[in-house]
Amino acid sequence: MTDKAKTRAQARAYQDVFEAAGAVPFEADILQSADTLLDLYGEDIRARAYVTSDPLRGEQMLRPDFTVPVVQGHMAEGATPARYTYSGQVFRRQEENEARASEYQQVGFEIFEAKDPHTSDAEVFALFQQTLAPLGLRASTGDIGILLAAVDGLTTTDRRKAALKRHIWRPRRFRTLLDRFAGRTAQPAHRKALITSGDPFADTGPEIGLRSRAEVEARIAILKEDATVAPIPENEVQILDELLSLREKSPMVLENLRDIAVDLPSIGPAVENMALRLDAMAQRGVNVDDLDFEAAYGRTTMEYYDGFVFGFVSDKRPDLPTVASGGRYDALTAVLGQGVGVPAVGGVIRPGVVVDLLEENQ
């Protein structure tokens, strides 16, 4: 078991680094509104969080991370630019892996800055890489913004694009939808029966459930309309598959992405933003020629990341969780700011994992 006193001391050391970089300490309540988190992530997060009920405040959740309360606090103040650091316990249920801790320490650093987001991305990554350098970790990077831009460029309806983007962070569901929208797989039998029925309400018995008849009828109308939409062209699906398979050193991936942008122009601005970010990283001492980039990286983490993403792992200890991770989450600030967003990027370190690695190397 990791020594908690050593973990707190390590967290304090990292907070000192982040405060030296201009961050202001931020305190977040342990209990967070479950409604807010469920609205953001859907019911999926319920399976990973500890939820309780309060007769006065309603359904509450032990904080699964710090980013949401930090954004809420920042947007309430409305002041930009700003930098924050924080440290404390987070809570995640681990029903599929009992060996993983359900309560652990996080220490983080967040930047809210509207000018030159690629520069802020580079600053956060370089600071984490330099801070964690003694551990000999391997860094991985990606960019969810490129995937979102690729979906925007597909030849299909806005409704289908929205569905695909909503499931970017659920690879299996994303693939199922993409194959269906491309005509690679047939409509599920129950859905086909529903939209071809003369009267879908015939012989269904009493109407039960939370949705009204009007809501069900509206949903059926959408399904019928969608059934008439032409499939996404096969060549576009192949281009998207090629993009998702990219996994190489960053300069090589950048060249490949520029080639793909010729056939899928919608990704062009996101690709050039990646080029600017790599230049900014190099200026901060990052060896970008040896920096891994994986186009699909970050698709199974928190769903608020919508741009640059990164992580640091120990290849010597593949059994350990990711030591540090982070990314850009501009869209989250707009949601919590009621339509008023601020470019934001940040990351977290797990000091308990760091202590384990340091003790092993002694």
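For the chain, I need the span (max minus min coordinate) of the C-alpha atoms along each principal axis, in Å, sorted largest to smallest.
72, 57, 41
Which value, in debye to the nearest 20, gives the size of the charge dipole of the chain about its Cα centre, when Lys and Arg are +1 and Asp and Glu are -1 at the Cβ?
580 debye
Over the chain, calculate the relative contact order: mean separation of alpha carbon pairs under 8 Å at least 6 apart, over the residue count, as a percent.
Relative contact order of the chain: 25 percent.
Could you give the C-alpha radius of gyration of the stretch 216-362 expressed as a fraction of 2.2 N^0.38 Å, taking N as the number of residues it contains?
The stretch 216-362 yields a ratio of 1.35.
Positive end of the dipole of the stretch 133-189, charges at C-beta (+1 Lys, Arg; -1 Asp, Glu), about the Cα centre: which of Pro188, Thr176, Ile146 has its Cα farthest in that direction?
Farthest towards the positive end: Pro188.
Just Arg277, Arg57, Arg184 to compare: in a GNM of the chain, with alpha carbon springs under 10 Å, which one fluctuates most?
Result for the chain, Cα springs under 10 Å: Arg57 fluctuates most.
With +1 on each Lys and Arg Cβ and -1 on each Asp and Glu Cβ, how big is the dipole of the stretch 121-165 about its Cα centre, in debye rounded to the nearest 20?
So the magnitude is around 300 debye.
By how many degrees, between 0 and 90 and to the nearest 10, does the Cα long axis of helix 213-227 differ from the longest principal axis of the chain?
Helix 213-227 sits at roughly 90 degrees to that axis.
If we restrict to alpha carbons, what Rg and Dmax does the stretch 72-185 come to, in Å?
Computed over the Cα atoms of the stretch 72-185, radius of gyration and Dmax are 19.2, 51 Å.
Taking only protein heavy atoms and a 1.4 Å probe, what accessible area per residue, in Å², does the chain have with all protein chains in place?
So the chain comes to 50 Å² accessible per residue, rounded to a whole number.
For helix 234-244, report the angle its Cα long axis makes with the longest principal axis of the Cα atoms of the chain; keep it between 0 and 90° and round to the nearest 10°.
Long axis of 234-244 versus the principal axis of the chain: about 20 degrees.
Of the heavy-atom accessible surface of the chain (probe 1.4 angstrom), what whole percent is carbon and sulfur?
The C+S portion of the solvent-accessible surface of the chain is 50 percent.
Against the longest principal axis of the chain, how steep is helix 351-361, in degrees 0 to 90 to the nearest 10, with axes from Cα atoms?
Once rounded, one gets 60 degrees.
Taking 25 Å as the cut-off for C-alpha to C-alpha distance, list the pairs among Lys161/Lys249; Lys115/Lys161; Lys115/Lys249; Lys6/Lys316 that go past it.
Lys161/Lys249; Lys115/Lys161; Lys115/Lys249
The values are calculated or read from the model by the stated rules, or taken from the named source; none is laboratory data. For clarity, every value in this text was computed on a predicted model and none was experimentally measured. Neighbour counts run over all protein chains shown; Cβ positions are idealised from the backbone, glycine included. Calculation scope for accessible area: heavy atoms of the full protein, side chains included, ligands and nucleic acids excluded. Shrake-Rupley method; radii C 1.70, N 1.55, O 1.52, S 1.80 Å.
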